[in-house]
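J.: Right, I'll just put the structure down here and ask away after.
The values are calculated or read from the model by the stated rules, or taken from the named source; none is laboratory data. Only a predicted model underlies this, so the values are computations on that prediction, with no experimental measurement involved. Note that each Cβ is placed from the backbone with ideal geometry, even for glycine, and that neighbours are counted across all protein chains shown. Side chains included, ligands, DNA and RNA excluded: accessible areas come from the protein's heavy atoms. Shrake-Rupley method; radii C 1.70, N 1.55, O 1.52, S 1.80 Å.
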Amino acid sequence: NAGVTQTPKFQVLKTGQSMTLQCAQDMNHNSMYWYRQDPGMGLRLIYYSASEGTTDKGEVPNGYNVSRLNKREFSLRLESAAPSQTSVYFCASYRVGAEAFFGQGTRLTVV
Amino acid sequence: DAKTTQPNSMESNEEEPVHLPCNHSTISGTDYIHWYRQLPSQGPEYVIHGLTSNVNNRMASLAIAEDRKSSTLILHRATLRDAAVYYCIIDSGTYKYIFGTGTRLKVLA
């Protein structure tokens, strides 16, 4: 039982490059989330998926796209990376009325 | 969505109780109050949650005001390993799980 697994753990991109952050959970949770955390700041919600087949914008969705591939997997795509997207990205899954579980994060640097 | 207000930082001595406050004056009757903490260089981890009654678990206690407009996370005996950022979140059932800025707890040896 791995919980929430994020790949990769570290990534360096050049401005304008694209990449996809992968997230998978094995807890059969319906809801999944992507957050970003800038140095010294709290977590900000980028996108979330309440259930398979649905996605919604969070607080800071600009510059990102998401795909809920199936119940287990929720990916985050940066189409044209910018230095302002340098951050630590966390994926989470949640069962309503219970608790959320977080991955260990992806540390992304855009140069 | 109900907003939360927490102090930016607090300090506590080791082995003493810590009371971390959270204001959520716009909370609705069916909204749950959740607490998470984030240790350095880690993802957030669940601490406790409740609706109306006070709650206890092995990590902490949650005291909820009678009008539900505020709550307090209680760590009964702080240890150095409890130094973290503590987040109070209101779950309104909309699936939009918003974190605030949290309270950075410093534990003094």
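J.: Working carefully through the options A:Glu79, A:Glu99, A:Glu52, find the one that is open to solvent by 40 Å² or more (accessible area, probe 1.4 Å), charged (D, E, K, R), closer than 16 Å to B:Tyr36 by Cβ and over 11 Å from the mean Cα position of the chain (by Cα).
T.: Going through A:Glu79, A:Glu99, A:Glu52 in turn, the sole match is A:Glu99.
J.: Another question, if that's okay. Of everything in segment A:67-98, what is outside any loop (DSSP other than H, G, I, E, B), closer than 18 Å to B:Ile98 by Cβ and either among the polar types (S, T, N, Q) or within 14 Å of chain B (Cβ to nearest Cβ) (or both)? Give them in sequence order.
T.: Hits for segment A:67-98 are A:Phe74, A:Ser87, A:Val88, A:Tyr89, A:Phe90, A:Cys91, A:Ala92, A:Ser93, A:Tyr94.
J.: Of the numbered conditions (1) at pLDDT below 95; (2) farther than 17 Å from A:Ser75 by Cα; (3) not polar (S, T, N, Q), A:Glu52 satisfies every one except a single condition; which is it?
T.: If we test A:Glu52 against (1) at pLDDT below 95; (2) farther than 17 Å from A:Ser75 by Cα; (3) not polar (S, T, N, Q), just (2) comes out false.
J.: How many residues does segment A:22-44 hold that are part of a strand (DSSP E or B), within 12 Å of chain B (Cβ to nearest Cβ) and open to solvent by 10 Å² or more (accessible area, probe 1.4 Å)?
T.: 3
J.: Can you name the residue in segment B:61-109 that is at the interface with chain A (Cβ under 9 Å from one of its Cβ atoms) and open to solvent by 30 Å² or more (accessible area, probe 1.4 Å) and is also nearest to B:Pro40 (Cα to Cα) among such residues?
T.: Looking at residues that are at the interface with chain A (Cβ under 9 Å from one of its Cβ atoms) and open to solvent by 30 Å² or more (accessible area, probe 1.4 Å), I get B:Thr101.
J.: Within segment B:74-82, identify whether any single residue is of a type outside the set (A, V, I, L, M, F, W, C), under 12 Å from the mean Cα position of the chain (by Cα) and at pLDDT 95 or above, and answer yes or no.
T.: no
J.: List the pairs whose first member sits in segment A:99-111 and is facing another protein chain (nearest Cβ under 7 Å), whose second member is part of a loop (DSSP other than H, G, I, E, B) and among the basic types (Lys, Arg), and whose Cβ atoms are under 8 Å apart, counting only residues at least 6 apart or on separate chains?
T.: A:Gln104/A:Lys9; A:Gly105/A:Lys9
J.: If you don't mind, there's one more thing I want to ask. Pairs, please: C-beta under 8 Å, at least 6 apart or cross-chain, first residue more than 25 Å from A:Val88 (Cα to Cα) and away from every other protein chain (no Cβ under 11 Å) and in segment B:32-60, second part of a strand (DSSP E or B) and among the small types (Gly, Ala, Ser)?
T.: Going by the 8 Å Cβ cut-off, the qualifying pairs are B:Ile33/B:Gly50; B:Ile33/B:Ser71; B:Gly50/B:Ser71; B:Asn54/B:Ser61; B:Asn54/B:Ala63; B:Val55/B:Ser61.
J.: Quick check on my filter: what residues within segment B:4-24 are farther than 20 Å from B:Thr79 by Cβ and not hydroxyl-bearing (Ser, Thr, Tyr)?
T.: Initial filter on segment B:4-24 (farther than 20 Å from B:Thr79 by Cβ): B:4-8, B:21-24.
Passing the criteria: B:Gln6, B:Pro7, B:Asn8, B:Pro21, B:Cys22, B:Asn23, B:His24.
J.: Quick check, is A:Gly63 away from every other protein chain (no Cβ under 14 Å), touching a helix residue (DSSP H, G or I) at 6+ places or on another chain (Cβ under 8 Å) and open to solvent by less than 70 Å² (accessible area, probe 1.4 Å)?
T.: Numbers: away from every other protein chain (no Cβ under 14 Å): yes; touching a helix residue (DSSP H, G or I) at 6+ places or on another chain (Cβ under 8 Å): yes; open to solvent by less than 70 Å² (accessible area, probe 1.4 Å): yes.
The answer is yes for A:Gly63.
J.: Please tell me if A:Met19 is more than 9 Å from every other protein chain (Cβ to nearest Cβ), of a type in the set (A, V, I, L, M) and under 23 Å from B:Ser92 (Cβ atoms).
T.: Criteria not met by A:Met19.
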